[in-house]
Amino acid sequence: MNTDAPWPSREEALARVLGMQAKLHQWAITDRGRRFDDLFNLVTDPAFLVVAWDGVRTNAGGRTAGVDGITATLVQVLGREEEFLAELRQQMRDGTFRPLPVKERMIPKAGGKLRRLGIPTVTDRVAQAALKLVLEPIFEADFLPCSYGFRPKRRAQDAIAEIVYLNTGTRDYRWVLEADIEACFDSIDHTALLARVRRRISDNRVLRLVKAFLKAGILTATRERIDTRAGTPQGGILSPLLANIALSAIDEHFADQAARQMATPKRRAKRKRLGLGNWRLIRYADDFVVVVSGTRQHAEALREEVAAVIAPLGLRLAEAKTQVTHIDHGLDFLGWHIQRRRKRGTQQRYVYTYPSKKSLTNIVRKIRTLTSNSASHPDLSTLLKRLNAALRGWCTYFQPGVSFNTFAYLSYYTWHKVWRWLRHRHQGVTWKKIRRRYLPGGNPTHRGITLLRPEQAIPTTRYRYRGTKIPTPWTTPTPTTA
């Protein structure tokens, strides 16, 4: 690419970036041992910066400022987009660019705990996005099919579908090691992570840039600077990719075992005859399970094995949350409850997936908060928009499962919470008048906005296991023949 070219349009930039990503991906696949150099010119290429900026400004966080107080929206309003990108590019090319500390935000978790979220500056977000555009197609060539989290064209439902697939028919991976890594994103060892990055990247300017983001630090609400000696820049665009690069060590360990000992049905059958177990890993970012065809003892033995694999990465298992369970007792994974049960009216047993109780509790809590008397909504239509967005997002995620009854319950619960909100909002007004004005046909409606009924609007479906056939954005379509 000509890095001295004028700033391209969004369409031109996207086409050029996709073309270059496809080449990087293909080169990485063709030569598994290749280390890429001279990538820094791509990171600072106008096309990559334009695409990176487009992703940052259209993101929901575009209105959120980092420690410098500048938002992507402000840059747009002032009409300084090209000037902003030119200044960033110049700083990166002359070596004066330095990432600023991320702004700390503590997010409540279940159980009263807090999770730290970092908000980078807009400038740092664009630089991270450009870096990710270059690195992702290279490392995607190495990532294994068992990994589903924060990867293009892959989703949580794929991970759930694999667990179901491995417990369908004659496949009997009934025992499950549910693993939980303690404070994963805060604990990844920088030296170990950068060593894995160097396996593919030899451009020292790119490596220095990655290290600079890792060491950028955190600025707390009290303006105290905290050095980041471990962990990935959580909240940053680059963080999921870096975490996957580190955690792919787990994937490689189990894939190597499978290739040597369990690659064919014949080998797996032989291991069974010898009283040995077979297993498969399914990982979504730092959440993963190991499903085992064998006994509970086989699954328990893997606990120490996993702990030994992640130890060089600076990670350890959370003992209280790491457990072995049987598919008949059920497990919670990625918000789903997965359990083998007898099909009603038959003696056949199948694996079913449901929204977990914890997930249902979370959406109920959100609905309760939105419809509370203290919630600030100027009118019913605003409340309905917010409720519909929450319901649609949650129910769409749980659409491929046994979710109809849960959707119906949510519909019933939300209707009653809206009814109570209306009664409180219009005290002294008879129920008959409220119903005539706001509930035509029985469903809350205002200014053309009607409360979503999930059991009617979002039909449940079956999600098919896609196995190793999931394409990447840079996969060349296979030509069809007549």
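Could you tell me which of the residues Pro6, Pro46 is surrounded by 15 or more Cβ atoms within 10 Å (Cβ to Cβ), within 18 Å of Glu82 (Cα to Cα) and touching a residue at least 24 places away in the same chain (Cβ under 8 Å)?
Details: Pro6 fails: surrounded by 15 or more Cβ atoms within 10 Å (Cβ to Cβ).
One residue alone meets the criteria, Pro46.
Could you identify the single residue in Ser356, Ser372, Ser376 that is within 26 Å of Thr460 (Cβ to Cβ) and either among the small types (Gly, Ala, Ser) or open to solvent by less than 10 Å² (accessible area, probe 1.4 Å) (or both)? Of the residues listed, the single one that is within 26 Å of Thr460 (Cβ to Cβ) and either among the small types (Gly, Ala, Ser) or open to solvent by less than 10 Å² (accessible area, probe 1.4 Å) (or both) is Ser356.
Per the listing Ala72, Ala86, the residue uniquely of a type in the set (Gly, Ala, Ser) and crowded, with 20+ Cβ neighbours inside 10 Å is Ala72.
When Val67 is tested against the conditions (1) open to solvent by less than 60 Å² (accessible area, probe 1.4 Å); (2) of a type in the set (A, V, I, L, M, F, W, C); (3) assigned to a helix (DSSP H, G or I), the lone failure is (3). Filtering the range 372-389 for residues that are closer than 20 Å to Tyr284 by Cβ and out of contact with any Pro (no Cβ under 8 Å at 6 or more places or on another chain) leaves an empty set.
Taking the range 250-279 as the range and being open to solvent by 80 Å² or more (accessible area, probe 1.4 Å) and within 27 Å of Asp180 (Cα to Cα) as the test, only Arg260 passes. Just one of the listed residues (Cys146, Cys184) is under 18 Å from the mean Cα position of the chain (by Cα), at pLDDT 95 or above, closer than 26 Å to Gly330 by Cβ and not aromatic (Phe, Trp, Tyr), namely Cys146. Based on this model, can you work out whether Thr461 counts as in a helix (DSSP H, G or I), hydroxyl-bearing (Ser, Thr, Tyr) and under 30 Å from Asp328 (Cβ atoms)? Answer is no for this residue.
Restricting the first member to the range 457-471 and to residues that are within 20 Å of Thr353 (Cα to Cα) and open to solvent by less than 80 Å² (accessible area, probe 1.4 Å), and the second to residues that are assigned to a loop (DSSP other than H, G, I, E, B) and of a type outside the set (S, T, N, Q), the beta-carbon pairs closer than 8 Å and six or more apart or on different chains are Thr460/Pro400; Thr460/Gly401; Thr460/Val402; Thr461/Pro400; Tyr463/Pro400; Tyr463/Gly401; Gly467/Pro145. Within the range 340-353, the set of residues being loosely packed, with under 11 Cβ neighbours inside 10 Å and of a type in the set (Lys, Arg) comprises Lys343, Arg344. Inclusion of Thr168 among residues that are open to solvent by 20 Å² or more (accessible area, probe 1.4 Å), of a type in the set (Ser, Thr, Tyr) and touching a strand residue (DSSP E or B) at 6+ places or on another chain (Cβ under 8 Å) is warranted. The set of residues from the range 146-197 being at negative phi and in contact with a Pro (Cβ under 7 Å, 6 or more places away or on another chain) comprises Pro152, Gln157, Ala192. Selection over the range 90-107 of residues that are in contact with a Phe, Trp or Tyr (Cβ under 8 Å, 6 or more places away or on another chain) and assigned to a loop (DSSP other than H, G, I, E, B) gives a count of 1. For Leu24, the requirement of being more than 19 Å from Thr121 (Cβ to Cβ), open to solvent by 40 Å² or more (accessible area, probe 1.4 Å), at pLDDT 95 or above and not β-branched (Val, Ile, Thr) is not met. Note on the range 352-446: enclosed helices (runs of 4 or more DSSP H) holding 3 or more residues that are of a type in the set (A, V, I, L, M, F, W, C) are 357-370, 380-397, 404-425. Among the residues of the range 49-64, none is identified as within 16 Å of Gln21 (Cβ to Cβ) and exposed (fewer than 14 other Cβ atoms within 10 Å of the Cβ). Restricted to helices (runs of 4 or more DSSP H) entirely inside the range 182-287, those with at least 1 residues that are more than 25 Å from Ala301 (Cβ to Cβ) and not small (Gly, Ala, Ser) are 184-187, 190-198, 204-214, 239-261. Consider the range 301-319 and keep the residues that are in contact (Cβ under 8 Å) with a residue 24 or more places away in the chain and outside any helix (DSSP H, G or I). The one that is surrounded by the most Cβ atoms within 10 Å (Cβ to Cβ) is Leu315. Look at the range 294-327 and say how many of its residues are polar (S, T, N, Q) and within 22 Å of Ile245 (Cα to Cα). Summing the residues that are polar (S, T, N, Q) and within 22 Å of Ile245 (Cα to Cα) in the range 294-327 gives 0. Remark: pairs (first residue in the range 158-181, farther than 27 Å from Leu315 by Cβ; second residue open to solvent by 10 Å² or more (accessible area, probe 1.4 Å) and part of a helix (DSSP H, G or I); Cβ separation under 9 Å; 6+ apart in sequence or on different chains) = Arg171/Tyr165.
The values are calculated or read from the model by the stated rules, or taken from the named source; none is laboratory data. On a predicted model such as this, the values are computed, not experimentally measured, just so you know. Heads up, the Cβs are rebuilt from the backbone with ideal geometry, glycines too, and the neighbour counts pull from every protein chain shown. Just the protein is used for accessible areas: all its heavy atoms, side chains included, with ligands, DNA and RNA removed. Shrake-Rupley method; radii C 1.70, N 1.55, O 1.52, S 1.80 Å.
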